Amino acid sequence: MKITIIYDNNAQPGFESGWGFSCLVDSNQRILFDTGDNGQKLIHNFKKANIDPKSVNKIVLSHNHWDHVDGLEGFRKFNSEAEVVHPNTFSEPTEISPGIYSTGSLGIFPKEQSLVVKTEKGNIVITGCAHPGLENILQTARGLGQIYGVLGGFHGFSKFDELEGIQLIAPCHCTQHTEQIKQKYPTQFKQIRAGSVIEI
């Protein structure tokens, strides 16, 4: 299973950065999670990563904020066939592809879903902005099995003890306490940005 960070506030050389988040989960299907805030930059980064946008089977949107959905229109010019899973589609954890789950819509406003991807090492939790609280997302995800890793936007998350036992911790985008997380979990911490690849 491979996760490619397609869009982030920061980017590797040759990739374009922008305020927002998007990643591609490459497992039994190719699932694009969020689309960043700019379709042109999103497609540029697809091409830079040598990934055909037409190969995406499904698009999952975490929540309806512009920095996660505004790239969708530009992406659909290159792939109009992929199914779109909107934030309010599921009210509880639901398998959307073999071994890949939506947490269901969490929080009050905005409603937000995260992804849980099953791997041989444990589950990977992928968040958009974690508006419902990362601790609440992790609690829901633990109902689907042991968590190996968590990545994405953590927002203002500061209950760092909730990350105990997680082997891969990769905050990006809107995370406010990245340095504190890195200091507390230096061996589990992984820096990610547009162009980064995580293989499990």
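A short reminder: the numbers here are calculations on the coordinates, not readings from a lab. None of these values were measured; they are calculated from a predicted model. So basically every Cβ, Gly included, is an ideal-geometry build from the backbone, and we count neighbours across all protein chains shown.
Tabulated data for the structure shown
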read-out: Alpha-carbon Rg/Rh ratio, for the range 87-180, with Rh computed the Kirkwood way; value: 0.94
read-out: q = 0.09, 0.17, 0.19 Å⁻¹, the chain: log10 I(q)/I(0) [Debye, one scatterer per Cα]; value: -0.28, -1.09, -1.41
read-out: Ranked by how many other beta carbons lie within 10 Å on average, peptides 125-138, 76-89, 8-21 from highest; value: 125-138, 8-21, 76-89
read-out: Orientation-averaged projected area, Cα convex hull of the range 133-200 (nm²); value: 4.5 nm²
read-out: Residue among Thr89, Gln40, Asn9 farthest towards the positive dipole end of the range 3-90, charges placed on Cβ; value: Gln40
read-out: Integer Hz, Karplus 6.51/-1.76/1.60 couplings in order for the range 69-74, x for Gly and Pro; value: 10, 5, x, 4, 4, x
read-out: Ranked by how many other beta carbons lie within 10 Å on average, peptides 170-178, 32-40 from highest; value: 32-40, 170-178
read-out: Computed FRET value (nearest 0.05) for Glu164 with Asn50, which takes r as the C-beta separation and R₀ as 45 Å; value: 0.75
read-out: Label-point gap, in nm, between Glu92 and Lys77 - each point 7 angstrom along Cα→Cβ; value: 4.2 nm
read-out: Cα-Cα over 32 Å, subset of Lys48/Lys182; Lys48/Lys159; Lys58/Lys190; Lys41/Lys111; Lys121/Lys159; value: Lys48/Lys159
read-out: Relative contact order (%) - criterion: Cα under 8 Å, at least six apart; region: the range 2-199; value: 20 percent
read-out: Net charge dipole size for the chain [Lys, Arg +1 and Asp, Glu -1 on Cβ; Debye, nearest 20]; value: 380 debye
